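Here's the structure, in C-alpha cells; my notes come after.
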Amino acid sequence: MTMGGTADLVLTDARLPGRPEADTVVIADGRIVAVGAAAEVRDLIGAGTDVRPLGGRTVIPAFQDAHVHPLTGGLEMLRCDLTDLDDRHLVLEAVAAYAAGNPGASWITGGGWRMDAFPGGTPLAADLDAIVADRPVFLPNRDHHGAWVNSRALELAGITASTPDPADGRIERDERGAPSGVLHEGAMRLVQRLVPAPTLDEQVDAMLTAQRHLHALGITAWQDAIVGDYPGTTDPTRVYHELISRGLLTARVRGCLWWRRDRGVEQLDDLLHLRTNARPGLALDAVKIMQDGVCENFTAATLTPYLGGHGSGISFFEPGELAEAVTRLHGAGLQVHFHTIGERAVREALDAVAAALDRHGPRDLRHHLAHLQIVHPDDVPRFAELGVAANMQPLWAYNDDQMTELTVPFLGEERAGWQYPFAALHDHGTRLAMGSDWPVSSADPILGIHVAVNRTTYRPGTDPARYADQPFLPHQRLTLETALRAATLGSAYVNHLDASTGTLDPSKHADLAVLDRDPFALPPEELHTVRVVTTVAAGRIVHDS
C-alpha cells in the first residue's frame, strides 16, 4: 500500500462477471489489494486516491495475446496498410494513394492484402506496374506467407523464368513459367533481403504505435511470436530494450526466439546466449518453430494430398530432425511455440513433444501449438495427454470467400470438417490460449471471442445474406466463459504469467480492462459490439477513452 495505507486507484460501481456481491476493485502499488462491495473497502480510500465510478461498466482481467507480431503490425500501420480491404480495386487505390503520398520512398512496403480480394488468391505484378513502375514494391499478404511484388522488384532480385523455386517456397508463375508477381514462403526472401531495414527510430515509433493499439484493445501482455535471428526482418529485441531504457514499455512481453530452418541443433547455444538479453518486462525463454506453411498456397503440411494435384505441402523440418530439436530445447528449459496449420504438421509437433518427454520427463515449460487449422481426430486427445496447450487464432474460424473458395475445395469434405476443433480440444481437457497473429488478422480479442462463440464473421461490410446464417462447424463453438478465460488466464498460462495475472484476485498485478457493457448480458451475435473503454497495466491507466 501507499503511504498512509490508502489505495492509488479504485474502480467502483462496476460489474464483475461471476462476482455479483462485488462492485469495486482497489489497486495500490501496481497490484490488486481488494475486490468487494464499496462499503467493505471504504477505509482504503484516502485523499490521494483516484476514485473512478464506472456507472455499471464491466471489469475483467486484461487480455493477453499468445501470438502476435507487434513490430510488424506497427510498421504496417505506418506504411501502406491494406488491412481489411476486401476488394481488388480498393487495394489498388490504396497502393496508388500511398505511392503518390510518399514520392521519396525508395520502396513501397506495408501489406495486409486479403487473398480472396483477387482471382485465385494471387494478384499480378502487372497490377502494380500500372501504378508504380519506377520503384520496387514488396507487400506481404495478411498471413505473411506470401508477398506481392512488381516487375521492378523482380528485376532487382534477378528473378526470371529460369529461377528455381527455393526448397522452402514457391514462385507463382504464368502459363509461360515467368514469375507473375507473388512469392510464397521462402521465396519471399529473394526480394525481402533487398528491402531497406527500418531505422531504430522508425522501429521505436512502430512499436509504440503497436503498444498503443494493443492497449486500446485491453491487451497488457503478449507473446511476440518472432524475435531474434529471423532472416529478412529486424530483431524486435533491440526495440524492446530501447523502450525499456526509456521507461516506455508498459506491457509484459515474452519473446519467441526464432529456430532457423537453415541450421541444426548447433544453434541452441546461440539461443541460450540470446536468452541473456532478457530484461524486466521482457522474457526470452521461448523458441518459435515454424513447421509448415498455410493451406491457401498449398504449403500447409497434410497427411494426404490436396485435391487438384497440389501435393501435400511442406514440412520445414523432417520428423526426426524436429524431434531432436524439440528434445534439446526441452532439455535446456526453453518453451517451444510451434506454427502448425496442416494435420501432418500438428502430428509431427506432438510427436516431437512426446519424444522430448520420453527423454527428459515433464517440465513446466508449457509448449503450445499455434493456429491448428486442421487437426486429425486421432490427435485431439494427445494435447491434454502430453500437456500441450492449444494456441487458438479464432478469427480464422468462420466462413468467408477465403475459406469457401480457396481452402475447403482443396481439402475435401472430411478433412475440411477437422478445422479449428476448439470445442473438441476443450472437451478433452486441453488448455486453451488465444492469440491474434496480428497483423495477419485483427488484434481485437473481443472479435476473436465473438468468432469462437458464434463461428460466424464479425466483419462489417460482409454480405449478410451470404454467410451470416452459415456458422462454420458450429459444433466447435465455445461458451463465452471458456473463450474469455482462454483470452485472459489461458494466454497468461502460456506466457508464464498466470501466477501474477489473468484473474482479478488480490495480490495479483493490476492488469485489467473496463468494458462498455457486460458481454454475458448480450445475445451471442452481439458480442462483437463490446468495446474496451479503459485499460490498466500494473495499476497504471494506459488507455482511457
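Please treat every number below as a calculation from the coordinates, not as lab data. This is a predicted model, so every value here is computed, not measured. All Cβ positions, glycine included, derive from the backbone under ideal geometry; neighbour counts span all protein chains shown.
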Fill in the blank from the handout: Note: Ser312 to Phe520 extended length (0.36 nm per residue) minus current alpha-carbon separation gives 70.6 nm
Practice task
Could you tell me the convex hull volume per residue, in Å³, taken over the Cα atoms of segment 397-501?
Solution key: 117
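Quick check: convex hull of the Cα atoms in segment 200-494, volume per residue, rounded to a whole Å³? If you can, show how the numbers build up before the last one.
Details: hull volume 39.3 nm³, N = 295.
Value for segment 200-494: 133 Å³ per residue.
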Completion exercise
Treating every alpha carbon of segment 107-192 as one equal point scatterer without solvent, the Debye formula yields log10 I(q)/I(0) values at q = 0.16, 0.19, 0.24 Å⁻¹ of -0.52, -0.76, -1.27
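What's the extension gain from Asp29 to Thr503 if we count 0.36 nm per residue and subtract their Cα-Cα distance? Spell out each step's value before the answer.
Numbers: separation 474, 0.36 × 474 = 170.64 nm, distance 1.73 nm.
Working it through step by step, the gained length comes to 168.9 nm.
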Completion exercise
Between Ala126 and Glu93, the two model label points (7 Å from Cα along the beta-carbon direction) sit apart by a distance in nm of 2.3
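Roughly what percent of Cα-Cα pairs across segment 453-545 reach past 18 Å? Don't jump to the answer; show the numbers that get you there.
On the way: 2483 of 4278 pairs.
Here the tail beyond 18 Å accounts for 58 percent of pairs.
Counting only DSSP beta bridges with both residues in the chain, what percent are antiparallel, rounded to the nearest 5?
Of those bridges, close to 45 percent are antiparallel.
How high is the relative contact order of the chain, in percent, counting Cα pairs under 8 Å that sit 6 or more residues apart?
16
Under the rule of -39500 (n - 2.57) per DSSP H run of 4 or more residues, summed and divided by the residues of the chain, what mean residue ellipticity at 222 nm is obtained, to the nearest 500 deg cm²/dmol? Please list the in-between numbers first.
Details: 19 runs with 153 residues, N = 545.
Here the helix-only value at 222 nm equals -7500 deg cm²/dmol.
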Practice task
Would you grab the residues whose amide H sits under 5 Å from the one on Asn141? Only those 5+ places off in sequence or on another chain, please, with H modelled 1.01 Å from N.
Solution key: Gly112, Gly146, Ala147, Trp148
Exercise for the section: Would you mind ranking Arg114, Arg246 so that the residue whose beta carbon has the fewest other beta carbons within 10 Å leads the list? Expected result: Arg246, Arg114
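Using +1 on the beta carbon of Lys and Arg, -1 on that of Asp and Glu, and nothing else charged, what's the dipole of segment 200-494 about the Cα centre, debye to 20? Display every interim value, and only then the final one.
Numbers: 25 positive and 36 negative charges, 172 e Å.
In debye, rounded to 20, segment 200-494 gives about 820.
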Exercise for the section: Could you give the size of the charge dipole of the chain about its Cα centre, using +1 on the Cβ of each K and R and -1 on the Cβ of each D and E, expressed in debye and rounded to the nearest 20? Expected result: 960
Practice task
At 7 Å along the Cα-to-beta-carbon direction for both Ser162 and Arg540, put a label point, then send me their distance in nm to one decimal.
Solution key: 5.9
Problem - Zone residues, segment 123-137, relative to Glu155, backbone N less than 17 Å from point 7 Å out along Cα-to-Cβ - result: 125-137
Completion exercise
Taking placed amide H atoms and a strict 5 Å upper bound, the residues 5 or more places from Ile289 or on another chain that come that close are His337, Phe338, His339
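Charges at C-beta only: +1 for Lys and Arg, -1 for Asp and Glu. How large is the resulting dipole of segment 1-153 about its Cα centre, in Debye rounded to 20?
140
Report the extension gain between Ala133 and Thr479 in nm, rounded to one decimal, defined as 0.36 nm multiplied by the number of residues separating them, less their alpha carbon distance. Write down the numbers at each step before the final one.
On the way: separation 346, 0.36 × 346 = 124.56 nm, distance 5.08 nm.
Full-extension gain reported as 119.5 nm.
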Completion exercise
For segment 16-144, the charge dipole (Cβ of Lys, Arg +1; Cβ of Asp, Glu -1; about the Cα centre) points to a positive end, and the Cα of Val68, Ala99, Thr24 closest to that extreme belongs to Thr24
Practice task
Take every DSSP beta bridge whose two residues both sit in segment 241-383, then give the antiparallel share in percent to the nearest 5.
Solution key: 5
Handout entry: Distance histogram for segment 320-395 (every C-alpha pair counted, 10 angstrom bins, percent rounded to whole numbers)
Key = 20, 58, 21, 1
Exercise for the section: List the residues whose amide H sits under 5 Å from the amide H of Met392, counting only those 5 or more places along or on another chain, with H placed 1.01 Å from N in the peptide plane. Expected result: Ala433, Met434, Gly435
Handout entry: HN-Hα J in Hz across segment 17-28 - Karplus 6.51, -1.76, 1.60, θ = phi - 60°, x for Gly and Pro
Key = x, x, 10, x, 7, 10, 9, 9, 10, 10, 10, 8
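If you take all C-alpha pairs in the chain, what percent of them are over 36 Å apart?
Values: 48374 of 148240 pairs.
Everything past 36 Å amounts to 33 percent.
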Practice task
For each of Val41, Val451, Val68, count neighbouring Cβ atoms within 10 Å of the residue's Cβ, then give the residues from fewest to most.
Solution key: Val41, Val68, Val451
Practice task
On a C-alpha basis, how far is the centre of segment 468-491 from the centre of segment 267-293 in Å? Whole number, if you could?
Solution key: 30
Problem - Antiparallel DSSP beta bridges within segment 200-494, percent to nearest 5 - result: 5
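Roughly how compact is segment 177-313, stated as its Cα Rg over 2.2 N^0.38 Å to two decimals?
Computed over Cα atoms of segment 177-313, the ratio equals 1.25.
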Problem - Whole-angstrom gap from segment 315-388 to segment 66-109, using each part's C-alpha centre - result: 35
